[in-house]
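All remarks here apply to the structure that follows.
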Protein chains: 2
Amino acid sequence: MANIAMLGYGTVGSGVVELVCSNKDKFVKGMNVGLKLSKILVRDIEKYSGSKYRAKITDNFDEVMKADVDIVVEAMGGVYPSYDYVKRALESKKHVVTANKDLIAEHGAKLLDIANSNGVELRFEASVGGGIPILKSISDCLVGNNIRSVKAILNGTTNFILSKMNDEGMQYEDALKAAQELGFAEADPSSDVLGLDAARKLSILSTMAFQKKVDWKEINAIGINDIDSDDFRYAKGRGCSIKLLAISKMADESIYASVAPVMVRADSQLGGIHNEYNAVLVEGDAVGDVMFSGKGAGMMPTASAMFGDIADIIQNRKENPMMFDYEPADMQNLWEKESRWLLRVRSGSRIEVMKKLGDAFSNCSILAGEFGAEGDEVAAFVKAKDESQIDRCMDDLKGSIELKGFKKIMVLED
Amino acid sequence: MANIAMLGYGTVGSGVVELVCSNKDKFVKGMNVGLKLSKILVRDIEKYSGSKYRAKITDNFDEVMKADVDIVVEAMGGVYPSYDYVKRALESKKHVVTANKDLIAEHGAKLLDIANSNGVELRFEASVGGGIPILKSISDCLVGNNIRSVKAILNGTTNFILSKMNDEGMQYEDALKAAQELGFAEADPSSDVLGLDAARKLSILSTMAFQKKVDWKEINAIGINDIDSDDFRYAKGRGCSIKLLAISKMADESIYASVAPVMVRADSQLGGIHNEYNAVLVEGDAVGDVMFSGKGAGMMPTASAMFGDIADIIQNRKENPMMFDYEPADMQNLWEKESRWLLRVRSGSRIEVMKKLGDAFSNCSILAGEFGAEGDEVAAFVKAKDESQIDRCMDDLKGSIELKGFKKIMVLED
C-alpha cells in the first residue's frame with residue numbers, strides 16, 4: 001500500500017484526492033500496490049468539519065510527518081511554508097510530488113539535491129504546462145536529442161486575454177476583467193500579466209531541456225499589459241496574432257531566454273493555441289519539431305499530471321539523478337537571428353523618426369493609410385539583423401530627439 | 001555497460017546506431033552505465049565491407065544471440081522473420097525495442113506476454129507517431145485518466161498527399177507521384193493509401209488508451225484513393241480540409257474505431273497538421289484535450305523514439321506489466337453521434353435522389369451553383385442522427401433506382 005499525504009486541499013488538492021481515490025486499486029493487479037489517502041494538511045481545520053475526509057484532516061504538519069506516509073503531495077502553492085514542508089518531507093525519506101512552479105523555479109536544484117541524497121524522488125510535471133506531459137517527454141523520451149530550442153505558451157491567463165483581444169477586439173482592461181470574472185485571472189494578476197509566471201516555468205523547462213541551470217531571474221520578461229488594439233491591428237495586417245511567447249534557445253555556448261509578446265502567423269501551430277490552452281514546441285536535433293498542447297492549469301488537468309508522477313513513484317520509475325546536477329548557464333537576452341519587428345515610436349518629430357528608421361534598416365515599411373499610426377506615433381515593420389541593431393537605432397534617436405514612447409514586438413516567421 | 005544489438009541497418013537502423021554512438025557516455029555519470037554497440041544483423045553482409053562497423057556486422061542471427069547483448073533493437077520491419085527474432089531474443093531474456101507496427105499490431109499481446117514472463121521489456125514507442133512521445137504519455141503520464149477518445153493523423157504519406165491536393169489543387173495521382181519522388185511513399189503505396197498502416201497504429205494506440213484489445217483487422221479502414229478535387233472543393237466551401245483520420249472512442253461498453261477521410265475545420269488543431277507530420281489528440285476525463293504532433297516517420301525521428309525506449313530500459317524504468325493484459329474489445333464500426341456528412345450520389349435520376357435526401361434528412365443542403373455537382377451526380381451536406389441513418393437511406397435508394405456510385409465523408413465539427 002502506498003500512503004499519500006496531501007498538503008493543501010484547495011482546487012488542485014481536491015482534484016488530486018479525487019483521482020487518488022478513484023484510482024486506488026489501479027496498480028493492485030500488476031504490482032500489489034494500492035493507493036491510500038493518509039493525511040490532508042489544511043490551514044483552517046474548521047472549514048472541513050463536514051468533509052468525508054475529516055478524520056484525515058489536520059492543520060499540523062508534524063502530524064503528517066508522524067503518520068504512515070510514502071508520498072507527500074504538495075498543492076499549497078507559494079514558496080513559504082511549502083519549501084520547509086517539502087524539505088522536511090524529503091529529509092524524512094518521503095517522496096514529494098508538487099505542482100509548485102514558484103518553489104521549483106526558486107529552490108528546485110537544492111530540493112532535488114536533498115531528494116537525491118535521501119534516495120527519494122521529487123517530481124514536478126504539473127509545474128509546467130499543467131496536464132501536458134512535457135517535462136517527462138523532454139527528460140525521458142527525447143533524451144537522445146540535443147534540444148535546440150523551446151517556444152512555448154506557458155500562461156493560460158495571458159493567452160486567454162490575448163485571445164479575447166484578438167478575436168473580439170477587446171481592450172486589454174476589459175479582457176483582463178473577463179478573465180477575472182471567469183476565474184482565469186487572479187485579483188492581483190501581476191505575476192501572470194507581467195510574464196513572471198511564464199518566466200518561472202520557462203526556467204524549469206529550459207533547465208531540463210538544455211541541462212544547464214537557467215535562473216528565472218535572469219530571463220528578460222516583458223508582459224502583455226502594454227499591448228493595445230493597434231498592435232493587433234498591425235499583426236492582423238500581416239496574417240499574424242500576438243502571443244506571450246516563452247522562448248529559449250541554445251546559442252553557441254550561451255542560452256537565450258525571454259518572455260515577451262511576439263507576433264506569430266495566425267495559421268501556425270502556436271497561432272492556433274487559443275484561450276486558456278498552453279503549448280510547448282520543442283526542436284530537437286534528431287526528432288525535429290515536436291509540439292505538445294493542452295490545458296495549462298485548472299483542477300483536473302493539474303491533478304492528472306500529479307497523478308502521473310505518483311504512478312511513476314509507485315511503480316519505481318526513477319528519474320535519472322544526474323539530470324539536474326547542472327552548471328549555471330551563460331544567459332543572453334538579445335535575439336541574435338535576423339527577424340522582422342514591429343516598432344512603434346512616439347516623439348515630437350515623426351519626420352525625424354521615419355528618416356532614421358529608413359536609414360537604419362534596409363528593409364523598412366512605415367505603416368500608413370488604413371493601418372497607419374496616428375498622432376505623434378510612427379509605426380513600422382523593419383527587418384533587423386539582430387535585436388541589438390534596433391536598440392542601437394533607438395539609442396541614436398534618443399540622442400537627437402525627445403522620445404515619448406517606444407515599443408518593439410518581434411515577428412516569429414518560422 | 002549496456003550492449004546493444006541492431007537487427008536491420010537500413011534508414012532507421014543507421015539512425016539508431018548514430019544516436020547510440022553519440023550518446024554512449026550519457027548515463028555514465030549518474031548510473032555507471034555506458035552504451036556499447038555489440039552486433040549489427042544485416043541481410044547482405046557484402047554491402048557493408050567498407051563500413052566502420054564491419055567487425056560487428058553479421059548476417060547470422062545466432063551470432064547475435066551468442067554475443068554479449070542486453071538490448072536487441074529491431075529495425076527490419078515486416079512481420080517475418082522479425083517475429084521469430086524478437087521472440088527468441090525475449091526468451092533469451094534480452095530486452096527488445098522495436099519500431100515495427102506491423103509486428104506489434106499483429107503479435108503485440110503475445111510478445112508482451114513472453115517479455116513479461118521472462119522479466120524483460122518489450123518497448124515500441126516508435127511504432128506509433130514516429131518521434132512523438134505518445135504511447136508513454138498515455139500509459140504513464142495520463143494513467144489517472146479514463147481516455148474518452150483518440151483522434152489522430154497517423155500516416156505521413158497520406159497526410160502529405162492530402163496536403164498537396166488541398167494546398168496546390170493537385171489530383172490524387174499527381175500528389176501520390178510527388179510523394180513517391182520525395183521518398184514519402186513507397187513504390188507499392190497500398191498499405192498507406194488504403195488506411196491499413198493507420199489502422200495498425202490505431203489498434204496499438206487504442207489498446208493502450210482503452211485497456212481493451214483492439215484488433216486492427218476489426219477496424220473499418222477507408223483509404224484516400226477515392227478522394228478527388230471535388231471533395232476538396234466542397235470541403236473548402238465549409239472552411240474545412242480533408243484528413244485521413246484515425247478515430248477511436250469509448251461508446252458505453254464497446255469501442256468505435258475507424259480510419260477514413262474526414263473533413264476537419266481548416267483552423268482546427270488537426271486541420272493545422274500539414275505534409276508528413278502526424279498528430280494525436282487525446283481526450284481524457286481529467287486532463288481534457290491534449291494534443292501531440294511531430295514527424296511521424298523518417299530516420300532520426302524514429303531513432304529518437306527508439307533511443308528513448310533504450311534509455312528507459314537502461315535506467316530500469318519498467319512499464320506496468322498489467323497494462324497489456326487485456327480482454328478483446330467489443331468493436332463497433334458505425335459513428336453514433338449526430339454529425340454532418342457530405343454525400344455524393346451518382347445515379348440515373350438526380351431528381352429522385354434529391355427528393356429522397358430531402359425526405360430522409362431534416363437538414364439537407366443540396367450543393368448547387370459554383371459548388372454544385374455535375375453530370376449524373378448529386379452532392380449534399382446532410383445532418384444525420386448517426387451513420388446508420390445514412391446507410392439506411394442509401395439502401396432505400398438502391399431499392400428504387402439504380403445507383404452508379406456513392407461516397408460519404410463525415411464532417412468533424414468539434
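A short reminder: the numbers here are calculations on the coordinates, not readings from a lab. Worth saying up front: this structure is predicted, and the values here are computed from it rather than measured. Quick reminder, even Gly has a Cβ in these numbers, built from the backbone with ideal geometry, and neighbours come from all protein chains shown.
I'd like the mean, over residues of A:151-161, of how many other protein chain beta carbons sit within 10 Å of each residue's own Cβ.
Values: counts 0, 0, 0, 0, 0, 0, 0, 0, 0, 0, 0.
Across the residues of A:151-161, the mean count of other-chain Cβ atoms within 10 Å is 0.
Considering only B:Leu41, B:Asn159, B:Tyr53, whose Cα is most displaced toward the positive end of the charge dipole of chain B, charges sitting on Cβ of Lys, Arg (+1) and Asp, Glu (-1)?
Most positive-ward Cα: B:Tyr53.
Based on the Cα atoms of the stretch B:84-164, what semi-axes does the equivalent ellipsoid have, where each is the square root of 5 times one gyration tensor eigenvalue, given in whole Å with the largest first?
On the way: eigenvalues 146, 62, 19 Å².
They are 27, 18, 10 Å, listed largest first.
Working from Cα positions, state the angle (0 to 90°, nearest 10) between the long axis of helix B:11-22 and the longest principal axis of chain B.
50
Nearest 0.05, what FRET efficiency do A:Glu18 and A:Asp252 give at R0 = 51 Å with Cβ-Cβ as r?
Details: r = 48 Å, r/R0 = 0.93.
Computed FRET efficiency for A:Glu18 and A:Asp252: 0.60.
Using only helices, what value at 222 nm comes out for chain B when you add -39,500 (n - 2.57) per DSSP H run of length 4 or more and divide by the total residues, to the nearest 500 deg cm²/dmol?
-10500 deg cm²/dmol
Please give me the summed charge of the neighbours of B:Ala75: other residues whose Cβ is under 14 Å from its Cβ, Lys and Arg +1, Asp and Glu -1. Please list the in-between numbers first.
Values: positive: B:Lys39, B:Arg43, B:Lys101, B:Arg123; negative: B:Glu18, B:Glu74, B:Asp102, B:Glu125, B:Asp309.
The answer is -1.
Under 1.5 on a/c is rounded, so check that first for the stretch B:1-152, then, if it is not, pick prolate when a/b is larger than b/c and oblate when it is not; a ≥ b ≥ c are the square roots of the alpha carbon gyration tensor eigenvalues. Provide the component values of the computation, followed by the final result.
Numbers: a/c = 1.68, a/b = 1.45, b/c = 1.16.
It comes out prolate by the Cα gyration axes.
Given a Förster distance of 30 angstrom, what is the FRET efficiency for A:Asn316 paired with A:Asp84, based on the Cβ-Cβ distance and rounded to 0.05? Don't jump to the answer; show the numbers that get you there.
Numbers: r = 28 Å, r/R0 = 0.92.
Efficiency, rounded to the nearest 0.05: 0.60.
Label-to-label distances across copies for B:Gly10, with labels 7 Å out along Cα→Cβ, in nm, shortest first?
With the label placed 7 Å along Cα→Cβ, B:Gly10 yields 5.5 nm.
For the ranges A:270-278, A:116-124, A:95-103, what's the packing order if you count other beta-carbon atoms within 10 Å of each residue, average per peptide, and put the highest first? Don't skip to the end; give the middle numbers.
Values: A:270-278: 21.9, A:116-124: 19.2, A:95-103: 25.7.
Ranked by mean Cβ neighbours within 10 Å, highest first: A:95-103, A:270-278, A:116-124.
On the principal axes of its Cα set, how long, how wide and how thick is chain A? Give whole Å, largest value first.
Cα extents, longest axis first: 74, 45, 35 Å.
If you bin the C-alpha pair distances of the stretch A:331-414 every 5 Å from 0, what whole percents do you get?
P(r) over the stretch A:331-414, rounded to whole percents: 3, 15, 28, 26, 18, 8, 2, 1, 0.
To test your reading of the geometry: what angle, between 0 and 90 degrees and rounded to tens, separates the Cα axis of helix A:101-117 from the longest principal axis of chain A?
It is inclined by approximately 50 degrees.
Once the Cα atoms of the stretch B:70-226 are picked out, what are the Rg and Dmax in Å?
Cα-based Rg and Dmax for the stretch B:70-226 come out at 17.0, 54 Å.
Quick check on packing: order B:389-395, A:50-56, B:204-210 by the mean number of other C-beta atoms within 10 Å, highest mean leading. Before the final figure, lay out the partial values.
On the way: B:389-395: 15.4, A:50-56: 12.0, B:204-210: 25.6.
Answer by packing, highest mean first, reads B:204-210, B:389-395, A:50-56.
I'd like the mean, over residues of A:275-281, of how many other protein chain beta carbons sit within 10 Å of each residue's own Cβ.
Numbers: counts 0, 0, 5, 0, 2, 0, 2.
Partner-chain Cβ atoms within 10 Å, mean over residues of A:275-281: 1.
Counting only DSSP beta bridges with both residues in the stretch A:146-295, tell me the antiparallel percent, nearest 5. Spell out each step's value before the answer.
Working: 30 of 32 bridges.
Bridges in the stretch A:146-295 are about 95 percent antiparallel.
So which of A:Lys136/B:Lys243; B:Lys201/B:Lys249; A:Lys201/B:Lys136 end up more than 20 Å apart by C-alpha? Don't skip to the end; give the middle numbers.
Numbers: A:Lys136/B:Lys243 30 Å; B:Lys201/B:Lys249 15 Å; A:Lys201/B:Lys136 23 Å.
Checking Cα-Cα distances, A:Lys136/B:Lys243; A:Lys201/B:Lys136 exceed 20 Å.
What is the average number of partner chain Cβ atoms found within 10 Å of a Cβ in A:291-300?
5
Rounded to whole Å and sorted largest first, what semi-axes of the equivalent ellipsoid does the C-alpha gyration tensor of the protein assembly as shown yield via the square root of 5 times each eigenvalue? Show your work: numbers first, answer last.
Details: eigenvalues 322, 303, 177 Å².
Semi-axis lengths for the protein assembly as shown are 40, 39, 30 Å.
So, in Å, what gap is there between the alpha-carbon centers of the stretch B:338-394 and the stretch A:259-285?
Cα centroid to Cα centroid, the span is 39 Å.
Angle between the Cα long axis of helix B:299-314 and the longest principal axis of chain B, 0 to 90 degrees, nearest 10?
Tilt of helix B:299-314: around 50 degrees.
Compactness ratio of the stretch B:135-295: Cα Rg over 2.2 N^0.38 Å, N = residue count?
On the way: Rg = 15.6 Å, N = 161, 2.2 N^0.38 = 15.2 Å.
In units of the globular-protein estimate, the stretch B:135-295 measures up at 1.03.
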